[in-house]
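These notes are about the structure you will find just below.
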Amino acid sequence: MTARPCSASRPPPADARPMTSSLTTRRLATILFADVSGYSRMMRADEERTLVDLRAHLAELVAPVIERFGGRIVKTVGDGVMVEFGSAVEAVRSAVELQRGMAGRNDGVPAERRQTFRIGLHLGDVIASDDDVFGDTVNLAARLQGVAEPGAIVLSAAVYEQVRDKLALPFRDLGNRSVKNIDRPVHVYTLDSAALADGAAAVSSRPRRRKRMAAAVAAVAAVLVAGAGALAYFSGHLLPAEEAVAAAPAPVETGLSVAVLVFANQSGDPAQDYFSDGLTEDITRALGRFKQLTVLSYGAVLPYRGKNLPPQEIGRALRARYIVGGTVRRMGPRVRVTVQLSDAMTGTQLWSEHYDDDLGDIFAVQDRIARRIAGTLATNLQQLAVQQSLRKPTDNLDAYDMLLRGRTRAAETTPSGNRAAREMLEKAMAMAPAYADAYAELAGVHFERATFGWSEFPQQDIDTAIRYAQKAIDLDEENVLAHGVLARAYAATRKYDLAMAESERALEINPSDAEVLRARAAVLLWTGRIEESIATAEIANRLNPNIGPEAALNLGIAYLLSGRYADAVRLLETVRARFPAYPLLDLPLAGAYAEMGRATDAKDAMDEGRRKNPHLEAASFGTRFQDPALQQRLAASLRKAGLN
């Protein structure tokens, strides 16, 4: 994989004004991640007992230990806890006490009920915004937790170097390990469960104020409701789903909050529940990668498995605006998954679809279907958000609404729409100077202004697009739109290594985002990987059939170069009818007509292309190609259509 440029190393332009927020700072921290090994299996076996046990562990062990060693609970997600420490030594001491404490609490507990933590630790720079922290340090700590064996602790070399001479613990060097979504090997050390049981190091503690401990206990106990109200505790007893609904507050407008209910297994074999359960988890996880959405955890919806309740009641209990439900039916070597999206406020079904697949590698099928469903759902939900925004009065716009309106004007793909979008997005930035999405959207609009032929100074607009995209990434390293804009902009300026690195990074962040896939397809096209570009673009079109003119141009050129002339014609005719003012679609369409022997159609399309681009020559079209031979092949088709 090509090394991704580090945004922190990019020098700001000479005329750039500082853009900072008092709510966003950087600091050095040790991040601890812990989760329960085998939690999903335990929930399927006995969800209520598992949740009660987890609540007890978190409140009685985890929160007091973290408080004692000076940690701060950043968030709880399902069965996981993320904690920030100012000291690596205290973080490791806390991890050791957590593991030893869990071993003691599991004494005498039946094997099927024993909950065992896996813990990962990493030390590095983090971005702090409000009460949350972000950045590569957080991502790596989460990945290290996944490397740990049940009952063990895995720490990076950065943590180890801080504690090796301060704690007499039996660390074991695991060497360099490849970690998912980290583009370099990571040197790691471990404290396994046997070593922790025999270790002689004393874990010191420090007294803290009771007020702070109470806050920590409250923060961890919130894992059972996770802001969703999925489970209600009343008089110390766990309420079933129906009573939880009755005890829930009145519904409120919660934006793009989504609950994915457990998909029903309609295969007639209870042994196949694992497939529908796993698919539900995968869809929930894939949807959660879309930052515009607030997705309730899998654990939050489990009490509603098999409950025949109206969407309004479930939405009220979970405080979810939208409900996703579905069924799974396995029929011999094939599987059919049916999905419905409902409005929890009205109970109205908004969208439904079914997906069929062959059962080969069962887990590959799960992943493939989950990605398709998540991408399509996200597209539909984002369109609903735009429609809701457009219904709001103009004197009640916040930065998000202004961004949505700007996005809508940009989608018109006209010079006036582009100009209006830039004005609205600049207002959104002024309203919320730390709003990464506003910078990313504005970067995209400037890039389109340059490449759609609407700018007198296209290179200046591309430079502006790059600057705004880099600012968005400084504010939010995982801003997928910004990485996609950078990929397209670097390809347009023939910086192919940078373009490939940014497209890979965007794909790592969200492989189910249609626009991410289209940016990737563009980079693959201009670097000469034609068949890969086509395959990637076609996946994007399945996730979101509403293809824009730039993506259609790229795919049309790829079809033309691969000899798929009929596909090129079908695509380009359709998109040209939707975007008649776009200046470049006529050209590859004329080339495809010419290659098919449709001389009259080729001449008509080329005449229209010349009208929109009076100074264009065949040799100047397709100059982004890294391989000059591909540009020459494209030029030959255009000359056959009549372009000099």
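Looking across segment 540-558, the residues that are more than 16 Å from GLU412 (Cα to Cα) and crowded, with 20+ Cβ neighbours inside 10 Å come down to ALA540, LEU543, ASN544, LEU553, ASN554, LEU555, GLY556, ILE557, ALA558.
All conditions but one from (1) surrounded by fewer than 21 Cβ atoms within 10 Å (Cβ to Cβ); (2) in contact with a Ser or Thr (Cβ under 7 Å, 6 or more places away or on another chain) apply to GLU478; the one that does not is (2). Residues in segment 71-113 that are farther than 19 Å from LEU191 by Cβ, modelled with pLDDT of 90 or more and not in a strand (DSSP E or B): GLY86 only.
Does ARG518 satisfy the criteria of being touching a Ser or Thr at 6+ places or on another chain (Cβ under 9 Å) and not in a helix (DSSP H, G or I)?
Numbers: touching a Ser or Thr at 6+ places or on another chain (Cβ under 9 Å): yes; not in a helix (DSSP H, G or I): no.
Criteria not met by ARG518.
So, in segment 609-629, exactly how many residues are of a type in the set (D, E, K, R) and under 17 Å from GLY556 (Cα atoms)? Residues in segment 609-629 being of a type in the set (D, E, K, R) and under 17 Å from GLY556 (Cα atoms): 1 in total.
Okay, residues lined up against (1) within 17 Å of ASP35 (Cα to Cα); (2) of a type in the set (A, V, I, L, M, F, W, C); (3) in the same structural domain as SER156 (by TED's automatic domain parsing):
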| site | (1), (2), (3) |
| --- | --- |
| ASP79 | yes, no, yes |
| GLU84 | yes, no, yes |
| SER87 | no, no, yes |
| VAL96 | yes, yes, yes |
| THR116 | yes, no, yes |
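Restricting attention to segment 33-70, and to residues there that are crowded, with 22+ Cβ neighbours inside 10 Å and small (Gly, Ala, Ser), which single residue is modelled with the lowest pLDDT? This residue is ALA63.
The values are calculated or read from the model by the stated rules, or taken from the named source; none is laboratory data. Everything quoted here is computed from the prediction, not taken from an experiment. Every residue, glycine as well, gets a Cβ built from its backbone with ideal geometry; the counts of neighbours run over all protein chains shown.
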